[in-house]
Amino acid sequence: MAPARIPPRQLLKNPVHFLSLGFGTGLAPKAPGTFGTLPAILLVLLFAPLDVAAYLGVVAVVTLVGIYLCGQTAKAMGEHDAPAIVWDEIAGYMIAMIAVPVSWLTLLVAFILFRFFDILKPWPIRWLDQKVHGGLGIMLDDVLAGFFTLILMHIALSLGWL
């Protein structure tokens with residue numbers, strides 16, 4: 001017998017689910033992944049004053065903890081990678097901003113590029129999304145979308161476009 005599904009709004013009462021649902025932003029009726037990425041901007045602004053090594057440590061913790069968070073919420077919802085689970089978007093966007101100077105332009109460009117890669121899921125992102133399951137599978141495609149964005153951000157910075 002499958003475990004009973006817990007209604008998403010009720011999940012917000014549990015700190016694990018509250019985090020994996022992006023502080024509630026993942027419950028947006030339209031574009032939950034886009035709304036769920038918004039808290040990541042605040043986290044980037046919060047941690048931007050750190051040196052690169054410390055920021056990398058924060059991103060590593062956010063990512064590793066996310067495997068657990070997302071896996072637990074997927075089980076509670078009875079659905080692998082439910083659209084409401086957006087901690088993976090938060091981690092992916094934070095990856096996209098590693099060693100990127102923070103300005104309204106870099107935040108916006110990284111947001112657009114990250115959402116592009118997360119929505120379209122070019123190879124190998126789509127392959128990972130389909131083949132890897134559980135909390136790791138939920139996190140992995142967004143982590144890779146974050147790395148694709150990070151590469152493009154640093155290319156744009158080195159060319160003086162940002």
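The values are calculated or read from the model by the stated rules, or taken from the named source; none is laboratory data. Since this is a predicted model, take the numbers as computed values, not measurements. As a convention, Cβ positions derive from the backbone with ideal geometry for all residues, glycine included, and neighbour counts pool all protein chains shown. The area values use the complete protein model at the heavy-atom level, side chains included, leaving out ligands, DNA and RNA. Shrake-Rupley method; radii C 1.70, N 1.55, O 1.52, S 1.80 Å.
Take I67 and decide whether it is in a helix (DSSP H, G or I), at pLDDT 95 or above and open to solvent by 50 Å² or more (accessible area, probe 1.4 Å). First the steps, then the outcome.
Numbers: in a helix (DSSP H, G or I): yes; at pLDDT 95 or above: yes; open to solvent by 50 Å² or more (accessible area, probe 1.4 Å): yes.
In short, yes.
Residue-by-condition table, conditions (1) open to solvent by 80 Å² or more (accessible area, probe 1.4 Å); (2) in a helix (DSSP H, G or I); (3) at positive phi; (4) in contact (Cβ under 8 Å) with a residue 40 or more places away in the chain:
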| site | (1), (2), (3), (4) |
| --- | --- |
| I90 | no, yes, no, yes |
| M94 | no, yes, no, yes |
| L107 | no, yes, no, yes |
| A110 | no, yes, no, yes |
| P122 | no, no, no, no |
| R126 | yes, yes, no, no |
| G146 | no, yes, no, yes |
| T149 | no, yes, no, yes |
| L152 | no, yes, no, no |
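Yes or no: segment 28-39 includes at least one residue that is of a type in the set (A, V, I, L, M), in a helix (DSSP H, G or I), open to solvent by 20 Å² or more (accessible area, probe 1.4 Å) and within 21 Å of L152 (Cα to Cα). Step through it out loud before you land on a result.
Filtering segment 28-39 for residues of a type in the set (A, V, I, L, M) gives 28, 31, 38.
Narrowing the set further to residues that are in a helix (DSSP H, G or I) leaves 38.
Then keep just the ones that are open to solvent by 20 Å² or more (accessible area, probe 1.4 Å); that gives 38.
Filter once more, so that each one left must be within 21 Å of L152 (Cα to Cα): 38.
Yes.
Between P83, P101, the distinction of being modelled with pLDDT under 95 and more than 14 Å from H133 (Cα to Cα) belongs to P83 only. With respect to the conditions (1) under 12 Å from the mean Cα position of the chain (by Cα); (2) part of a helix (DSSP H, G or I), A84 falls short on a single one, namely (2).
For segment 1-18, taking the residues that are more than 20 Å from the chain's Cα centre (by Cα) and modelled with pLDDT under 75, the one that is surrounded by the fewest Cβ atoms within 10 Å (Cβ to Cβ) is identified as M1.
Checking each residue in segment 32-69 for being aliphatic (A, V, I, L, M) and in contact with a Pro (Cβ under 9 Å, 6 or more places away or on another chain) picks out only A48.
Does L56 meet the test of being under 16 Å from A99 (Cβ atoms), in a helix (DSSP H, G or I) and modelled with pLDDT of 95 or more? Can you show your working first?
On the way: under 16 Å from A99 (Cβ atoms): yes; in a helix (DSSP H, G or I): yes; modelled with pLDDT of 95 or more: yes.
So L56 fits the description; yes.
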